[in-house]
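As structure tokens, the structure follows; a few thoughts come after it.
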Amino acid sequence: MRKIPLNECTFGEDEIQAAIAVLRSGHLTMGSQCEAFENRFARELGVRNALFVNSGSSANLLAAFALVNPALQGHCPPGGEVIVPAVTWSTTIWPIVQAGLTPVLVDSDPQTFQMDLQQVKAAIGPKTVGICPVHVLGNAVPMIALQALAKQHDLWLIEDTCEALGTRHAGKDVGTFGDIGTFSFYFSHHITTIEGGMVVTDNDELAELMRCLRAHGWTRQMKGRAAMEAKHPEIDPRFLFVNTGFNLRATEINAAFGLKQIEKLRTFNKTRIRNAEFWNKEFATLIQTGYFRPMQPTEGTESTWFGYPIICKDIELRKQLGAHLEKNGIETRPVICGNLARQPAFKMIPHRIVGALKGADEIMDCGLFWGSHPVMNENDLSYVANTVKGFFKA
């Protein structure tokens, strides 16, 4: 029996030596390495501003609190509603609540696993201030149509891209369509900085505000710090606080990892795509028979397949297939949090639900995924394929 984990180490001696060099330098907190990684990431995605933080969850937190901050022109009022998909990760939604906004859950398409744009349209009301599309498991929300909808209703657009770094849609990287894009570099994600995340924006005002909020509300990392500090000559500029804030900073070690990993991103993603294409071909008969179907890439999208997600024909088959895979050493997961409206935490959270969320329920009840990572070799791919086909005696 082989062991097929959800993910394996994608870093090697390059990253290890880069981390050791940082330790030997004695400069460990946010500095030149972090700035270099931000600049490199911004070039990779073609955006004006990239801000490195200590996790993808923190990236979402920073984005939400920037949008409600009184220093931002057109900031969101307390109680404003943000439309989110029912199928997402918890820390897409918790920051929205923590920032004093109300999440409005809409259904997800069980074919693509992405938020349903027809339900987004139905959800827009007088209190709506923003839309937060989530690019689930390496696929993409149809962003051209969503961009137009946000513009039509003058709504903020925040893209949670934590599971889809490098996914291309309509000729662009996802995460670059909205006012803000967020990314995660957790161990199992498209690249890793051990822990870490990034916020990107082409809005310079937003970027400057988030630099302030990221670190205590002081001026130290702000691009326009000199002008601001000149207004307060009586206060030591090293400790000038002009807003509220957090400590969401990453370390120089995280950035050193990131600088090595970002160079490998496109190669990593090609392998993820190869894995999915192999399995799609191997499972063609099972798919046609209707036992299960894999995630369908959104039209115009080159999905980067954060895992290999499938929808089984019913809940019983999902349970039995999942148990069979685990018994044979193939690690599986449900499709992130499933329908979040069914999670007990939502009993404590003010929120609104639009529609019956039938697609989200199908994804939760009948969906699972296993790993599709860059370290997989042909023997791993074949073992998974044969194990699945063995279950169906195909």
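The values are calculated or read from the model by the stated rules, or taken from the named source; none is laboratory data. Predicted model only: the values in this text are computed from it and were never measured. All Cβ positions, glycine included, derive from the backbone under ideal geometry; neighbour counts span all protein chains shown.
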Filtering segment 36-69 down to residues that are free of Cβ contacts under 8 Å to residues at least 12 places away in the same chain and more than 18 Å from THR161 (Cα to Cα) yields ASN39
Of the candidates VAL174, VAL106, VAL120, VAL129, the one satisfying the condition of being touching a Phe, Trp or Tyr at 6+ places or on another chain (Cβ under 7 Å) and not hydroxyl-bearing (Ser, Thr, Tyr) is VAL129
Subset of segment 132-177, residues touching a residue at least 60 places away in the same chain (Cβ under 8 Å) and among the hydroxyl-bearing types (Ser, Thr, Tyr), comes to THR167, THR176
(1) assigned to a loop (DSSP other than H, G, I, E, B); (2) surrounded by 13 or more Cβ atoms within 10 Å (Cβ to Cβ) all hold for ASN254 apart from (1)
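Conditions tested, residue by residue: (1) farther than 20 Å from PHE346 by Cβ; (2) at pLDDT 95 or above; (3) outside any loop (DSSP other than H, G, I, E, B).
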position: ILE83; (1), (2), (3): no, yes, yes
position: THR91; (1), (2), (3): no, yes, yes
position: GLN111; (1), (2), (3): yes, yes, no
position: GLN118; (1), (2), (3): yes, yes, yes
position: GLY125; (1), (2), (3): no, yes, no
position: GLY130; (1), (2), (3): no, yes, yes
Among the residues of segment 93-109, the number that are in a loop (DSSP other than H, G, I, E, B) and either in contact with a helix residue (DSSP H, G or I) (Cβ under 6 Å, 6 or more places away or on another chain) or outside the structural domain of GLY79 (by TED's automatic domain parsing) (or both) is 3
Conditions (1) touching a residue at least 40 places away in the same chain (Cβ under 8 Å); (2) of a type in the set (D, E, K, R); (3) in a loop (DSSP other than H, G, I, E, B) -> GLU362 fails only (3)
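Rundown of residues vs (1) among the hydrophobic types (A, V, I, L, M, F, W, C); (2) assigned by TED's automatic domain parsing to the domain that holds ARG220, yes/no style:
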residue	(1), (2)
LEU6	yes, no
LEU23	yes, yes
GLU44	no, yes
ASN49	no, yes
GLY56	no, yes
